[in-house]
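Scroll down for the structure; my scribbles are underneath it.
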Amino acid sequence: MLSNIRIVLVQTFHPGNIGAAARAMKTMGLSELVLVNPRAFPDEEATRLAAGAQDVLDNARVVSSLDAAVMDCVQVVGASARLRSLPLPHYDEPDDMSFDVIQNAHTAPVALVFGRERSGLTNDEIRCCTHQVSIPANPEYGILNLSQAVQILAYEVHRAWRKRDMNGFEYQRPLEATPPSREQFGYFQEHLGRLMQQSGFLTQPHARTEEQLQTLFARAQPSRKELSLLRGLLSAFETHLPKQ
Ligand code: SAH
């Protein structure tokens with residue numbers, strides 16, 4: 001279950017933070033590290049701060065976009081110190097997040113995503129997420145060091161995992177009741193976008209309407225079964241459109 005929980009670091013500037021994040025992960029039983037365009041990796045400083053977690057660094061995957069890092073995930077939680085910037089479901093407390101994460105990680109990969117030291121995550125990157133989480137902290141200075149934010153969320157996930165039997169964890173959730181992967185959800189969004197154009201519902205390209213509707217569906221968090229019903233509905237409408 002813990003092996004389905006992936007830590008994704010986006011464009012980390014200081015390699016020492018990558019090493020310290022690897023150590024934070026290993027202490028909490030996590031091993032899957034994905035780096036999106038790190039500035040410097042592999043690097044001596046990363047190795048030095050990883051201490052006994054060199055194996056986590058050795059197995060880390062480097063990819064060139066956040067999309068590529070999370071495509072197969074059914075839940076993607078973006079960690080952000082800032083107030084919610086997009087209307088995604090938001091966990092105000094990390095322990096609210098960790099129960100869902102453990103539940104989902106039973107059957108499929110789940111990602112926790114951390115932003116750049118200086119500028120965090122972009123809005124486009126947050127759009128790749130299904131949820132956001134904040135670590136409540138001093139309102140006057142609530143921004144943690146990247147690896148310390150990883151430590152806190154990794155601790156919470158490990159804690160929920162240890163207590164899974166007490167938390168009413170459902171081991172036998174049917175596959176159709178699980179959330180779709182980001183890739184499956186992306187196909188739905190493409191289909192919806194295409195139909196909005198072809199049906200004449202959207203009169204101007206890049207209208208905010210499209211984004212608003214996409215956000216509505218993201219917020220609804222459909223299961224695989226519900227998403228496949230929606231796709232069926234779109235396909236049925238599509239047959240009534242004049243041929244392009
Ligand atoms: N100036 C940046 C802060 C980046 S800190 C910003 O405004 O977003 C680097 C990363 O650590 C953040 O992108 C986030 O993933 C994580 N982080 C730091 N403090 C956090 C907090 N209080 N809650 C959740 N994540 C936090």
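The values are calculated or read from the model by the stated rules, or taken from the named source; none is laboratory data. Owing to the predicted nature of the structure, the values given are computational and were not obtained by experimental measurement. Note: ideal-geometry Cβ built from the backbone for every residue, glycine included; neighbour counts use all protein chains shown. With ligands, DNA and RNA removed, areas are computed over all heavy atoms of the protein, side chains included. Shrake-Rupley method; radii C 1.70, N 1.55, O 1.52, S 1.80 Å.
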> Once label points are set 7 Å from the Cα along Cα→Cβ at both ARG48 and GLN212, what is their separation, rounded to one decimal in nm?
Replying inline: 5.3
> Each residue of segment 92-104 in order: what ³J(HN,Hα) in whole Hz does its phi give by Karplus 6.51 cos²θ - 1.76 cosθ + 1.60, θ = phi - 60°, with x for Gly and Pro?
Replying inline: 7, 10, x, 6, 5, 6, 5, 5, 4, 4, 5, 4, 5
>> Straight-line reach only, C-alpha to C-alpha below 23 angstrom: list the lysines that LYS26 could link to, leaving out same-chain residues fewer than 8 apart.
In response: LYS163
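Before I look further, what does the chain give for accessible area per residue, probe 1.4 Å, in whole square angstrom?
Result: 53 Å² per residue.
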>> Looking at the chain, identify the longest residue range that excludes and avoids all trypsin sites (Lys or Arg not before Pro) in DSSP loops having at most 10 other Cβ atoms within 10 Å.
In response: 119-242
> Considering only DSSP beta bridges whose two residues both sit in the chain, what percent are antiparallel, to the nearest 5?
Replying inline: 5
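What's the long-distance tail for the chain, i.e. % of Cα pairs beyond 35 Å?
19
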>> Nearest 500 deg cm²/dmol is fine: what mean residue ellipticity at 222 nm does the chain get from its DSSP H runs of n ≥ 4 alone, each adding -39,500 (n - 2.57), divided by its residue count?
In response: -13500 deg cm²/dmol
> Along the charge dipole of the chain, which of ALA108, ALA50, LEU146 sits closest to the positive end, that is, farthest toward it, with unit charges on the beta carbon of Lys, Arg, Asp and Glu (+1, +1, -1, -1)?
Replying inline: ALA108
>> Computing the accessible area with a 1.4 Å probe over protein heavy atoms, can you report the carbon and sulfur percentage for the chain?
In response: 52
> What dipole magnitude, in Debye to the nearest 20, does the chain give about its Cα centre under +1 on Lys/Arg Cβ and -1 on Asp/Glu Cβ?
Replying inline: 200
> From the phi of every residue in segment 153-167, what ³J(HN,Hα) in whole Hz does the Karplus formula 6.51 cos²θ - 1.76 cosθ + 1.60 yield, where θ is phi - 60° and glycine or proline is x?
Replying inline: 5, 5, 4, 5, 5, 5, 5, 5, 5, 4, 9, 4, 6, 7, 9
>> Can you tell me the length gained on complete extension of the stretch ALA177 to VAL62, counting 0.36 nm per residue apart and subtracting the Cα distance?
In response: 38.3 nm
>> Give the residue list of chymotrypsin sites (Phe, Trp or Tyr not before Pro) in segment 80-149 that are DSSP loop and have at most 10 other beta-carbon atoms within 10 angstrom.
In response: TYR141
>> Using the basic label-point model (7 angstrom from Cα toward the beta carbon), what is the SER199 to ARG159 distance in nanometres?
In response: 4.5
